[in-house]
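The values are calculated or read from the model by the stated rules, or taken from the named source; none is laboratory data. From a predicted model like this one, the values you see are computed outputs, not experimental measurements. Every residue, glycine among them, receives a Cβ derived from its backbone with ideal geometry; neighbour counts consider all protein chains shown. Only protein heavy atoms, including side chains, enter the accessible area calculation; ligands, DNA and RNA are left aside. Shrake-Rupley method; radii C 1.70, N 1.55, O 1.52, S 1.80 Å.
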Amino acid sequence: MSELVAATDSVEVGRRAAVRAEKRMLIGGELVLTASGAEFDNLSPATGLVMGSTTAAGVQDMDAAIGAARRAFDESDWSTNRVLRKRALGQLQDAIEAEREDLREELIAEAGCPVMTTRNAQLDWPLADALRYPARLIDQFGWERRLDGGGLFGDRNARTVVKEPVGVVAAITPSNFPIEVILNKLGPALAAGNTVVLKPDPNTPWNATRLGRLIAEHTDIPPGVVNVVPTPSNEVAAQLGTDPRVDMVSFTGSTAVGKHLMRAGTDTMKRTFLELGGKSAMIVLDDAKPAHIVPGAVGACVHAGQACAANTRMLVHRSLFDGAVANVAMAFGAVPVGDPALPTTLVGPVISAAHKQRVLDACDRARRDGADIVVGGTAFDNVPAHLAGGHFIAPTVIVGADPRSAIAQDEVFGPVLVMIPFDDDDEAVRLANDSAFGLAGAVLSASAERAMSIARRIRTGAIGVNGGMYYGADAPFGGYKSSGVGRQCGIEGFAQYTETKTIGWRLPRQ
């Protein structure tokens, strides 16, 4: 059994006992601590208190992890043994399932995500198919196809197109939906035959180190195929973007960091998959049912608005605008905020004190730019005493903002909704597309045909019509413009972890 380290000070989140966490990293098949003994604290977003610590990988550790991944790809049969890959992914699935409830508590504690979100996108949805779907694709994917015809000097020619793994993949993951993103990177990358160096967000390291332990103890994944390297150091993490032994960077996070990684990888011509930020728009047409507006708006508050695909701009036809603002503001004022461990909580804390301040600064700038904050825009302090140090923000509705202002254009990553009126369908489309981002969006209309017509005009990677859900391991997800490059999930997400080789040979003359 692995040595598990109990969270310090018996910190509790709501009525739930402190989680127990794995502090070691996984390098070359071994669960190890950094040689320097350095550690970093894991702080509870709900209390601000230290829950425990994690080993802090240094430059030498990252170098060892990259080397282990390179050797595992070059020297083991992982990249060619599809039977082994399928079996190993099944073993990992079983191992995670056995610790599902511990993982749920861990996510609530370190990510501050409300327990209700773990019943969907935070845990249960990805656990249902993020590994199973790519494991099925191992048997179903078109690894080879034959081309006929062609040739030189009268000879007949045959050609075969072969799909092969890219090589060593650096997976860099965020704090908002940590296990969901990790599983949706690991699943296709491993199923396609790659090896992986996983660098989790330092605010949420334990779910990743738990996976490292499960891989080491319960699967046949060869040493070095998966390495889990937690670190708070940007210098250490930057090695993944520049080391020539890394063939691909798979990153989910902010657009600024994504652009930096793309630039860093140019000298070594790294392939990049970037799933970045968003400022998604929900368009409410003049024939939309008023009863559907509030539920659509409240989606911007889920997990304290820390979702890249959240519809944080609501574009409402002017004939419905005043009533929509009144109803949405009333709903935002009543949204349950507080302890993420309670089943009734919708809005928990944001991830850190620094991020809380960034969100509040964005609200203050909106005021200075002439917008009106109808509700919220401040810290939320009406919490129990044991959560007084938590990073809570009151759900916020903003109107009167210039569509080109910062609050209407920049990703805030908090429970902040900007409501903007429009006069006709063409203006709605123009406003929705007037953004550097293009990740997601939504359309509400009594006419499915009209809504679908609008949806097809929006320059975005995913869009929901009348509450339709685009999420799933079989559904490609990613963005246009500054929202990213490539797709997560689906055939497209699987294929991006492969290279393409064409083999041609001359056939004997008849």
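Here the condition is being of a type outside the set (S, T, N, Q) and in contact with an Asp or Glu (Cβ under 9 Å, 6 or more places away or on another chain); of 463, 458, 393, 491, it holds for 491 alone. Does region 381-416 hold any residues that are in contact (Cβ under 8 Å) with a residue 24 or more places away in the chain, part of a helix (DSSP H, G or I) and open to solvent by 70 Å² or more (accessible area, probe 1.4 Å), and which are they? Of everything in region 381-416, just one residue is in contact (Cβ under 8 Å) with a residue 24 or more places away in the chain, part of a helix (DSSP H, G or I) and open to solvent by 70 Å² or more (accessible area, probe 1.4 Å), namely 386.
I'm trying to understand the selection: among the residues of region 440-475, which are in a loop (DSSP other than H, G, I, E, B), open to solvent by less than 50 Å² (accessible area, probe 1.4 Å) and in contact with a Lys or Arg (Cβ under 8 Å, 6 or more places away or on another chain)? Break it down stepwise before answering.
Here is the first cut: in region 440-475, the ones in a loop (DSSP other than H, G, I, E, B) are 440, 445-447, 458-463, 466-475.
Right, trim to open to solvent by less than 50 Å² (accessible area, probe 1.4 Å) and you get 440, 445, 447, 458, 460-463, 468, 472-473, 475.
Passing the criteria: 461, 473.
Per the listing 344, 378, the residue uniquely open to solvent by 30 Å² or more (accessible area, probe 1.4 Å), closer than 22 Å to residue 177 by Cα and among the polar types (S, T, N, Q) is 344. Taking the conditions exactly as written (closer than 27 Å to residue 333 by Cα and under 28 Å from the mean Cα position of the chain (by Cα)), does residue 385 satisfy them or not? No: the conditions fail for residue 385.
From 473, 442, 401, which residue is over 23 Å from the mean Cα position of the chain (by Cα), on the phi < 0 side of the Ramachandran plot and hydrophobic (A, V, I, L, M, F, W, C)?
401
Are any residues in region 347-375 over 16 Å from residue 303 (Cβ atoms), in a loop (DSSP other than H, G, I, E, B) and open to solvent by less than 70 Å² (accessible area, probe 1.4 Å), and if so, which ones? If the condition is that a residue be over 16 Å from residue 303 (Cβ atoms), in a loop (DSSP other than H, G, I, E, B) and open to solvent by less than 70 Å² (accessible area, probe 1.4 Å), then 370, 371 are the ones that fit.
Within region 254-270, can one find any residue that is out of contact with any Ser or Thr (no Cβ under 7 Å at 6 or more places or on another chain), open to solvent by 40 Å² or more (accessible area, probe 1.4 Å), touching a residue at least 60 places away in the same chain (Cβ under 8 Å) and under 24 Å from residue 61 (Cβ atoms)? No: region 254-270 contains no residue that is out of contact with any Ser or Thr (no Cβ under 7 Å at 6 or more places or on another chain), open to solvent by 40 Å² or more (accessible area, probe 1.4 Å), touching a residue at least 60 places away in the same chain (Cβ under 8 Å) and under 24 Å from residue 61 (Cβ atoms). The single residue among 46, 57, 72 that is assigned to a helix (DSSP H, G or I), buried (at least 23 other Cβ atoms within 10 Å of the Cβ) and on the phi < 0 side of the Ramachandran plot turns out to be 72. The condition of being out of contact with any Pro (no Cβ under 6 Å at 6 or more places or on another chain), part of a loop (DSSP other than H, G, I, E, B) and within 25 Å of residue 439 (Cα to Cα) holds for only one of 297, 310, that being 310. Scan region 279-322 for residues that are open to solvent by 20 Å² or more (accessible area, probe 1.4 Å), within 17 Å of residue 401 (Cβ to Cβ) and in contact (Cβ under 8 Å) with a residue 12 or more places away in the chain and the total you get is 3.
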